1. Look at residue D:227 and say whether it is within 12 Å of another protein chain (Cβ to nearest Cβ), in contact with a helix residue (DSSP H, G or I) (Cβ under 8 Å, 6 or more places away or on another chain) and under 30 Å from residue D:38 (Cβ atoms).
2. Quick one: would you say residue B:127 is crowded, with 17+ Cβ neighbours inside 10 Å and not assigned by the TED database to the domain that holds residue B:37?
3. Answer with yes or no whether residue D:85 is within 14 Å of chain A (Cβ to nearest Cβ) and touching a residue at least 12 places away in the same chain (Cβ under 8 Å).
4. Which helices (runs of 4 or more DSSP H) sit wholly inside the stretch B:36-147 and have at least 1 residues that are modelled with pLDDT of 85 or more and under 32 Å from the mean Cα position of the chain (by Cα)?
5. If I ask for residues that are more than 7 Å from chain D (Cβ to nearest Cβ), touching a helix residue (DSSP H, G or I) at 6+ places or on another chain (Cβ under 7 Å) and within 24 Å of residue D:234 (Cα to Cα), which ones from the stretch A:424-435 would you list?
6. Determine which member of the set D:151, D:128 is more than 20 Å from residue D:24 (Cβ to Cβ), free of Cβ contacts under 8 Å to residues at least 24 places away in the same chain and not assigned by the TED database to the domain that holds residue D:462.
7. Just to be sure before I move on: is residue A:466 part of a loop (DSSP other than H, G, I, E, B), within 7 Å of another protein chain (Cβ to nearest Cβ) and at pLDDT below 90 in the structure I sent?
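The values are calculated or read from the model by the stated rules, or taken from the named source; none is laboratory data. Please read these numbers as outputs of a predicted model, since none were measured by experiment. Cβ placement follows ideal geometry from the backbone for every residue including glycine, while neighbour counts extend to all protein chains displayed.
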């Protein structure tokens, strides 16, 4: 048996989480830093493992690679089966890349309280924060790897627990009514996702009663060779059960209202973790489970879902324009972007789905860059209200510049990563549903509006009172931002390595759904475009 | 069909049993309830015997009525013989719901019995005779077919006995105080240093429920047993009694040729009289 | 007279016992009501024994008695210890079991 | 030689990267570095130009494929450059005028603390603009298209501390984005129709597509062009864009970027030629804008805004010409190039005036400046003569050709268009004369500014003067040079195609007509502003004047319909989100909470109450059992 690379990739952060939590509480600056360096080291080790995985992945090889299969609960055919296709391996890489940056950006977010005499409050809050992040990482990675529906379900749900504590326990507002708001947000997050998970559990059980296995590969195989057949009613019901959970997680309009609360109340780092990492499991699962397990139902419901995603694109963008709170603005922007991702997935074209996968990566990186810089700004001033800022560009030009680049990525400026994916999604949608494609395209104007309005209100104009002392980015913060921006540029200019990995998997997915791209209307034009 | 004798006996006993049961439920005082239940149980014991379950009938009387009901009475004594439920029901609608539910339940049970096919009673006479009597018949079953259940029941009984002991036993956590220590404690706390006064002993009264009179003639409530006091069973010395006591003392003194004690003050008498008036008014209301 | 009347009697007694459990507050009386219900059952069992012409019903009644004895012993012990701590034998006073 | 094309883009891009990421170390040499790299790019452009001249006409276009950008099955986006005569023209214009303006900016921005960043942005603009004109497919063109938009955004908002500048920058970007939507949709339509969006295959197969598709693509491209080139109805940003430093106005908002729309239409000639409806829309847009811009130009007292109106109007001419089809493409580009010279020259002159006047832009506070700024006066005057179409100067050749082509369009449409163009020429003469008179002639009208500083009008330094002189030469000579032997037509026609127009009026008649309207315009302006002293406070004016001062109410329209409508919609949605969606969710939560609060009272702690429910349960069980037996 070969080296269990995927298992190790998820075990390393899990072990890191346990170890970090077990470290003795900090008593001085040195031990405090030690308690943060240890988890950071684990997240970097995970990143290395993910790089190894993507290096060993062969784009044109078998469907699922690096597979491991062990029986878990044999009575119900539940197995520990992991394996990655091109989409999963890319998303694992995204997750493992972002987590160290999130940690580094959140370096002081959970620092222990120090009283006047310099004595550290002795508790495990600080390392708890980092341990929870590692726990989330481990679970997210395993969700991406799982090829067993039940295994996926378990970790899809389990990741709510550390996320709940991260949102509820570590917001930037800790007193009185504000703390109440935070706990409201955390509970809302939990309840929404639990409700989704509950419906999905019913669908998972329903799936088992029809298939008598939880193994994705064997189900899809028997679906394809005709040995398994769902009646349309059953298939539609199961599809909706799965889709509901993923639509809550992703989140799809109108199931999105937990996201602004959660992102608004959490620290900037945790907000990035929510939108850039955890929510991706929802969109990924649509590709992996909804489409592959229920191809017919996917085709049946695709138009309805597409309409919802287009509504989400426009609605999220409009609401982003109307926000007074920076983090809530970013949250609504994310809702708009998730609309694009889901649009790409359910357009059922290879451009759309490759675009959606790329979009997940790009959205993760760009939102991380934008929101983390915003977080640096907010940590300096201690306010999340746009109205409290103004003229920051004058006092902190580098901060303003990086913030602008992050924003330009969000509004899909060509040359930066998100443009590639957004255009692919739009083209993929337009091919099949021109009207929806055109309406969605209007979203790019609104994206420019909320990004530039935010930039104008916070960064330009005369320096607002209270902003004079806002300092420019420090070395640690630059270390966070610079690589993310570099990554955005690379993804925007040369995304080929990633599309090469993703394309074969997308094609396989589409062939399972039984959809091919619409041919160009002028048939004898040059097919490949070269 | 049964004999006429049994029918007569049944109707008599049924009335007794139901009456007892109703009495048990309706009596306010626990001790009355217990007595009513004992009556019902004896009635049932006779029913058992009439139905050919001689052994059970005897056991019912000896064990149930004799032992278990006595246990009940002991506990009633511990808790307080006279403790009675207040008439007021605190749970809204509980009584109505209980009675309605009970009626419904009864109707349902009776309907069930009425619908059942219960027309050919075989009687246990044959079974008893086959085994040579009711007791040997039961014994044969208990020690053969039901021996396992019997053993388990035995274990249960022992466990229950031990459990009861554990529950009621109070561990002596400190050394019992000696008389000297108690005396010192009394002096230290400055409460009642002297022994408590004895209850009044008068020729015409049972002794313990009447308070003794202090030298100034007032009744000393402290001289009566606290249990009686708590139950409100202390005898109040009425004004006429006090008056007659005074006269008695006077005549005794005269007869013995001693100096007569000072007559009771009018104020004292007036106080007692006013108390008595109040008491009467309360009772009349 | 039909022996089925014993069953009606048992049903009546059982119902009275049940209602008693619901309306009385004194724990001891409550217990007595439970005993009454058990006795009613015993009467029914003995009658069934007569109906079927074998002794098994009586055996069950016998076991019921034994178990009832055990139950009474433990129950009364509980009442006594509750009385010691709360100075009351009313079941309404032991109402800590609520939100 | 071919592999020099990427260098053309890479050089200014490198400059931008160096200057923007280099930090304070480069503050002292940044402007020199930026200018040097711009000139280097111009040098490369010249080398490529001469190499192209050395080849036969059909050998001239060259192609350089760099790498595959986005490969997804049928969707193959390439990064490849195409250099033909059209691109070459633009490359020379962009790098040439761009270099001069870099040079000018050294003087103009000498005292600005963020000068390094300014040159970084300028280099970024050059790179993006070159990418735009060199791309060999629409998606790469789109990259350049948005890139110049970004550079424009950054440069308009360069003085970010001024809220008006920040707002203007945002507005420019947003309006451009509306146009970008058009370009996106056009690319998508091309992809679904042809399976590709590279120039060569799309143009080759254009004839096989349906009329509706071609019209759609054409109209979407027109929308994009409207956004970028400030054509009605997306013109409103250009006036506000004058908030940027003047060199920016000269380079981006006069000479190069705003003409990208004309480039796009000309480049897509193969599509427009097959879509008459789209062409009709184009000429209508062009004609309307040329009048619209001219009217705005007449009313503005801000010298830069007056010039901005003029720019709008002149681009209207180009779009009109481009919409006329093969008879107009060449002249559109020719006017574009000559306009690039004289309008850049005019803007630099305006900048020079402002430089000498403490950044005062109100022409009513100028007057008689010709004595103080002789060089500026001369160069500005030459540009003025060129733009009004004074015989022999650049504008004369290019604009007359367009008017002629408009008449040659034929039919009633031709007459209408020709008349519009003619009227436009008259108004142009009027407002440019007005600018000239108010600025350089008459009494001095300047007063102390708010801080009590008396302006000391003075000539600008040589580093600013040289570019103005060179551009003035261009304004005078370019038109003539291009017209000798129809050299420009011959140069460009292989790419855009060319047809001789058959005008109902002869060339002489048209020229005479334009001369007449020119004299008319100049005369009226002289009567109004030359003979009479100019009042320092603007008179109320007619309704049209007042509307023109407000950009012909375009902003008011936008404000009422889009801004306030949009903000109401947004507020409504925020309310809906809070009360509707969240209200629903919270309502359900409150319902559950309330119900459980009520239900939990059942758990009252009374044993007897529990016993009652148990008894009830037993009751139900017995009843059910009996009922089942009865039923069975």
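1. yes
2. Answer is yes for this residue.
3. no
4. B:54-59, B:69-79, B:94-115
5. Restricting attention to the stretch A:424-435, the residues satisfying the condition of being more than 7 Å from chain D (Cβ to nearest Cβ) are A:425, A:428-429, A:432-435.
Now narrow it down to the ones that are touching a helix residue (DSSP H, G or I) at 6+ places or on another chain (Cβ under 7 Å): A:425, A:428-429, A:433.
The answer is none; no residue qualifies.
6. On the way: D:151 fails: free of Cβ contacts under 8 Å to residues at least 24 places away in the same chain.
Criteria check complete, one pass: D:128.
7. Working: part of a loop (DSSP other than H, G, I, E, B): yes; within 7 Å of another protein chain (Cβ to nearest Cβ): no; at pLDDT below 90: yes.
Taking the combined requirement at face value, the residue does not satisfy it.
Residue-by-condition table, conditions (1) in a loop (DSSP other than H, G, I, E, B); (2) free of Cβ contacts under 8 Å to residues at least 24 places away in the same chain; (3) under 30 Å from residue A:226 (Cα atoms); (4) under 23 Å from the mean Cα position of the chain (by Cα):
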{"position": "A:472", "(1), (2), (3), (4)": "yes, no, no, no"}
{"position": "A:480", "(1), (2), (3), (4)": "no, no, no, yes"}
{"position": "A:491", "(1), (2), (3), (4)": "no, no, no, yes"}
{"position": "A:504", "(1), (2), (3), (4)": "no, no, yes, yes"}
